[in-house]
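See structure below.
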Amino acid sequence: MNRVLGARRQLARVAASNFYYSFLLLPSAKRKAIKDVYAFCRLLDDIVDEDPTGRDPAAELQYWRDEIEGCYQGCPLSDFGERLMGSILEFTLPKQPFLDLIEGMEMDLRWHSYQTFADLREYCYRAASAVGLICIEIFGYESARTREYAVNLGLALQLTNILRDLKEDIGRQRIYLPLEDLERFGYREQDLRANQYNAPFIELMRFEHSRARSYFIKAAASLPEVDRASMFAAEIMSAIYSEMLDQMPEIQFDVFRNRVSVTKSRRLRIALEIWLRSRLKR
């Protein structure tokens, strides 16, 4: 895909996402910066997820790594790089999380499964927690412990995504459930590739659901009260994804035949409720 068109498409797709409801009520400058960061994330996602025919995904990721370096040296080559550099400068965004994010996408090119949860956690940190560490700089915070909150919430969101998107990821020949967990519950890799829904799968998913829930709990416990109001956008995302996670036991974890989602009206209501609560805390 043409890089310029790709960046423009990601900016246009923002309104269709769960993230849209989390930054809808941010002040305009912060909203613009978050949209830029989100568009960058989606751009990288598309590089590794779309049909690679006729292009080199690794080279595309290297282009954007070079472009991030260019942003921090004041000389990006693309229009989108110029736009992103403006947000980087305005909010003094750290460079390392952008590079970690790119490395996470490179893991999708190198690995199609993860043996242990420790391996998967490294991927989740790069693919999601790194984004959280960028976003909290835009939101603004006082306590250093809020960085721990960003890491834990990123892990919670990514693990929820993994459970929700299990069928789609298998279609891309990717298995994000740790293979050690499949073995523990007697559920074979070929069963997963065949979308086999049975008792071992339900037990496996119940275990993974509990793990994802534990990171939502850790995130809530690690958010300092002093930063609770400024993190309202992150808390909106937490609430939306937490509701998706809660739906999984209701469908007996059959994500092969059911799409877990939160309606637009419900997402909007969550956003308004959390935003209003944050205003009362100021």
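Quick one: in the stretch 178-201, of everything that is touching a residue at least 40 places away in the same chain (Cβ under 8 Å), in a helix (DSSP H, G or I) and open to solvent by less than 30 Å² (accessible area, probe 1.4 Å), which residue is farthest from residue 115 (Cα to Cα)?
Here the residue is 201.
Quick one: in the stretch 149-165, of everything that is of a type in the set (A, V, I, L, M) and buried (at least 23 other Cβ atoms within 10 Å of the Cβ), which residue is farthest from residue 261 (Cα to Cα)?
150
Within the stretch 114-144, take every residue that is among the small types (Gly, Ala, Ser) and over 12 Å from the mean Cα position of the chain (by Cα) and give me the one that is surrounded by the fewest Cβ atoms within 10 Å (Cβ to Cβ).
144
Can you name the residue in the stretch 85-99 that is open to solvent by less than 20 Å² (accessible area, probe 1.4 Å) and in a helix (DSSP H, G or I) and is also farthest from residue 71 (Cα to Cα) among such residues?
97
For residue 67, which of the numbered conditions (1) under 17 Å from residue 169 (Cα atoms); (2) open to solvent by less than 30 Å² (accessible area, probe 1.4 Å); (3) more than 13 Å from the chain's Cα centre (by Cα) fails to hold?
(1)
Just name the residue that is nearest to residue 159 (Cα to Cα) out of those in the stretch 205-230 that are surrounded by 15 or more Cβ atoms within 10 Å (Cβ to Cβ) and of a type in the set (A, V, I, L, M, F, W, C).
Only one residue tops the list, namely 212.
Against the definition (under 21 Å from residue 271 (Cα atoms) and surrounded by fewer than 17 Cβ atoms within 10 Å (Cβ to Cβ)), how does residue 234 come out, yes or no?
no
The values are calculated or read from the model by the stated rules, or taken from the named source; none is laboratory data. Computed from a predicted structure; not experimentally measured. Cβ coordinates were reconstructed from backbone atoms using ideal geometry, including for glycine residues, and neighbour counts include every protein chain displayed. Protein only, heavy atoms only, side chains kept; ligands, DNA and RNA dropped before computing areas. Shrake-Rupley method; radii C 1.70, N 1.55, O 1.52, S 1.80 Å.
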